[in-house]
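Okay, structure first, notes after.
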Amino acid sequence: MLFLFLFYSLLIFVISIYLKKNNYYSNFTGDNHQIFTNDKNIPLIGGIALIIPALLVNPNNYFLNLFLILIFSIGFFSDIKVLISPKLRFLFQLIIIIFSIYILKLEISSSRLIFFDNLLESSSFNLLFTAFCLLILINGSNFMDGLNSLLVTYMSIVIYTLIKLNFIPEIINYQNNLNYFLLFLIILMLLNFKNLLMLGDAGAYILSFFTGYLIIKSHNFNMYVSPYFFITLIWYPCFENLFSIIRKLSLSYSPLTPDNNHLHQLFFNLVNTKIFKNKIVSNNLSSAIINSFNFIILYIAAINPYNTIYQIKLISFSIACYILAFFLLKNKINKF
């Protein structure tokens with residue numbers, strides 16, 4: 001298995017270099033939200049590279065692997081500009097996620113709020129709420145892919161935290177496979193950091209769906225752990241999406257329309273304007289700083305994953321930092 005892992009990693013490295021050199025399967029279209037942080041053609045091979053390792057984590061879970069392939073397919077057709085409509089992509093996501101929740105028996109078991117837990121006892125409400133959570137995670141994660149290694153590093157931290165705390169008992173027989181998957185994410189992180197590849201929609205969809213699956217199953221099998229600990233694990237991509245929706249609606253824009261006003265883009269703009277003129281350096285530095293903050297938040301969360309009040313305070317602090325940073329950066333950018 002180790003030999004195959006090393007061979008596969010080397011293969012992805014070689015393919016990435018070849019595609020970039022020959023300008024194949026490139027991400028760059030000249031859209032404003034792309035040229036904002038990068039003006040180079042970078043292969044969107046991240047999703048293709050991820051699909052095989054993800055399927056091998058639990059090879060006997062055929063339904064999980066089926067839905068991984070389906071969610072990957074939406075992103076793949078988006079990357080190759082076949083599935084262009086954001087509304088159509090969202091519709092396909094919704095259909096696949098609802099079926100995956102029903103067939104894989106995914107559910108939010110508890111919120112530790114009596115009123116809301118009574119609602120969660122309804123299978124229909126639980127299905128819709130779980131679908132809402134996964135949709136927020138998947139699309140928020142896709143927003144994060146604008147900076148090099150921002151998404152893949154963040155999800156690597158989340159998965160590592162779950163492994164370290166031994167919160168994934170369902171796949172304990174495939175623990176080595178999950179460790180290899182995590183190691184491969186680190187390799188993708190380095191390739192992404194060096195501008196040799198991007199995850200693209202396919203990579204963002206499959207990685208966030210798989211991580212969401214692990215979190216929900218970990219929540220189901222560890223009921224003594226505060227459900228808010230699992231919310232803390234994914235607070236950043238989820239709040240990134242929710243805040244973006246509210247922000248765009250307040251400006252009478254479609255929430256599905258891409259723009260350059262996400263926190264990581266504003267942060268990049270500040271770094272690129274005031275510190276480094278080089279886009280790649282500014283891109284990587286911005287990503288590293290944001291993930292350093294998130295690493296600290298998740299590390300503190302993992303110290304006491306059982307205390308709900310502790311987790312709620314941590315989530316509230318993180319959100320407050322996000323909002324404060326957003327408006328400070330927004331005002332700073334407007335003065336340039």
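The values are calculated or read from the model by the stated rules, or taken from the named source; none is laboratory data. What you are looking at is a predicted structure, and each value in this text was computed from that prediction instead of being measured. Here the Cβ is made from the backbone with ideal geometry for all residues, glycine too, and neighbour counts use every protein chain on show.
Residue 306 meets all of the listed conditions (1) surrounded by 13 or more Cβ atoms within 10 Å (Cβ to Cβ); (2) part of a loop (DSSP other than H, G, I, E, B) but one, namely (1). For the stretch 149-171, the condition holds for no residue, the condition being that it is in contact (Cβ under 8 Å) with a residue 12 or more places away in the chain, under 24 Å from residue 98 (Cα atoms) and hydroxyl-bearing (Ser, Thr, Tyr).
The set of residues from the stretch 233-267 being among the hydroxyl-bearing types (Ser, Thr, Tyr), assigned to a helix (DSSP H, G or I) and touching a residue at least 12 places away in the same chain (Cβ under 8 Å) comprises 236, 244. Considering the stretch 5-33, the residues that are crowded, with 17+ Cβ neighbours inside 10 Å and more than 13 Å from residue 196 (Cβ to Cβ) include one that is modelled with the highest pLDDT, namely 8. Scoring residue 195 on the criteria (1) under 16 Å from the mean Cα position of the chain (by Cα); (2) not in a helix (DSSP H, G or I) leaves a single failure, condition (1).
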